[in-house]
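As structure tokens, the structure follows; a few thoughts come after it.
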Amino acid sequence: MERFKVVQNTQISFKFYQEDLAYIHDVGFSDYALKSTSGILAILQKYQIPKGLIVELGCGSGLSAQEFIKASYQVWGVDISEEMINIAKTRVQDAEFVVSSVFDVEIPPCHAAIAIGECFNYLFDEVPNVETLGIESLKTLFHRVYDALIGGGVFIFDIAEPGQVKPGTTVKGFTEGEDWIVLFEKEENQDILTRHITTFRKLGEDYRRHDEVHLQRLYKGTEIAEILRQIGFEVEISDRYDSFKLPLAHIAFIAHKKL
């Protein structure tokens, strides 16, 4: 790692994927989105959905949207990060993108709804109430997705389950690229995962530091599957998107709305 001078130290933020982390996530962590997308395209063919509108909830920087467009689908994407949406709009000009929370946005009628990368686990409050936040918002969102899907449509997404970090421990690590470094600490307590993320992005000869804190509610797959079934979905649970196996303690759902 080269020696560097920090030119700016920002305050910790509870906003998600601001400018530097959005850039780093896009250039340094694209594999998850791209490999997931390849598997999801195979699933769409299995359910005989060769074309139509895909709604992507938590669309990020448009990496997956670009692949869906190449496969002749239409894409409407939403993400809470304005910086991610700015990258997506530049990358994929044939798709429509909006900045909003997936829990608030009006979902257009669609053939498929997709959410890659545990986006439903995120909590948008600085001090979450474990008893009331998370699950009720998901139930409401799942109902809205069901209503937006045409008959025969599918809802494909993944979540993070408990077991990300051994209780009472903290996991630390870092990754570096050509012009960036990201350090993280994560711990799990009462089904809440807390990630402390520090980024250093090279600007000219110096590096800019930024800190974010991400809070996630961790859900058991059986709990989510039961909610989906109660709404009316036929549900398949998997540890992979087609041939792409998800990381430890992550699970995928393929929820089918019957004709």
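The values are calculated or read from the model by the stated rules, or taken from the named source; none is laboratory data. Keep in mind that what you see is a predicted model, and the values were worked out from it rather than measured. Because the Cβ atoms are built from the backbone with ideal geometry, glycine has one as well, and the counts that use them run over all protein chains shown. What goes into the accessible areas is simple: the full protein's heavy atoms, side chains included, and nothing from ligands, DNA or RNA. Shrake-Rupley method; radii C 1.70, N 1.55, O 1.52, S 1.80 Å.
Surface exposure of the chain, expressed per residue as accessible area with a 1.4 Å probe, stands at 49 Å².
Normalising the average separation of contacting C-alpha pairs (under 8 angstrom, six or more residues apart) by the number of residues puts the relative contact order of the chain at 22 percent. Largest accessible area first, the listed residues Tyr146, Tyr241 line up as Tyr146, Tyr241 when surface is computed with a 1.4 Å probe on the assembled protein chains.
Per-residue surface analysis assigns Ile69 an accessible area of about 40 Å², computed on protein heavy atoms at 1.4 Å probe radius.
Taking every protein chain into account, the 1.4 Å probe leaves Thr140 with about 80 Å² of accessible area, to the nearest ten. If I take R0 = 41 Å and measure r between the Cβ atoms of Ser38 and Asp206 in this structure, what FRET efficiency does the formula 1/(1 + (r/R0)^6) give, to the nearest 0.05? That pair, Ser38 with Asp206, gives E of 0.60. For the set Phe184, Phe155, the ranking by accessible area, highest first and with no ligand, DNA or RNA atoms included, is Phe184, Phe155 under a 1.4 Å probe.
Bridging of Lys89 to lysines at a Cα separation below 27 Å is possible for Lys15, Lys35, Lys51, Lys70, Lys202, once same-chain residues fewer than 8 apart are set aside.
For the pair Lys46 and Val27, label points projected 7 Å from Cα toward Cβ lie 3.6 nm apart. Between Lys89 and Ser243, full extension at 0.36 nm per residue minus the direct alpha carbon distance yields a gain of 52.5 nm. Of the solvent-accessible surface of the range 129-259, computed with a 1.4 Å probe and all protein chains present, 48% belongs to carbon and sulfur.
Our estimate of slack between Lys258 and Gln74, defined as 0.36 nm per intervening residue step minus the Cα-Cα distance, is 64.1 nm.
Per residue of the chain, the DSSP helices (runs of n ≥ 4 H) give a summed -39500 (n - 2.57) that works out to -8000 deg cm²/dmol at 222 nm. Here Lys258 sits with roughly 110 square angstrom of accessible surface, probe radius 1.4 Å. Of the residues Glu83, Glu56, ranked by 1.4 Å probe accessible area with the largest first, the sequence reads Glu83, Glu56. Positive end of the dipole of the chain (Cβ unit charges, origin at the Cα centre): among Ala249, Val145, Gly39, the Cα lying farthest that way belongs to Gly39.
Translational diffusion of the range 113-241 was estimated from the Stokes-Einstein equation, with Rh taken as the Kirkwood radius over Cα pairs; at 10 °C and 1.306 mPa s the coefficient is 94 µm²/s.
For the range 57-102, the alpha carbon convex hull comes to 51 Å³ per residue, rounded to a whole number. With the convex hull of the Cα atoms taken as the outline of the chain, the averaged projected area works out to 13.8 nm².
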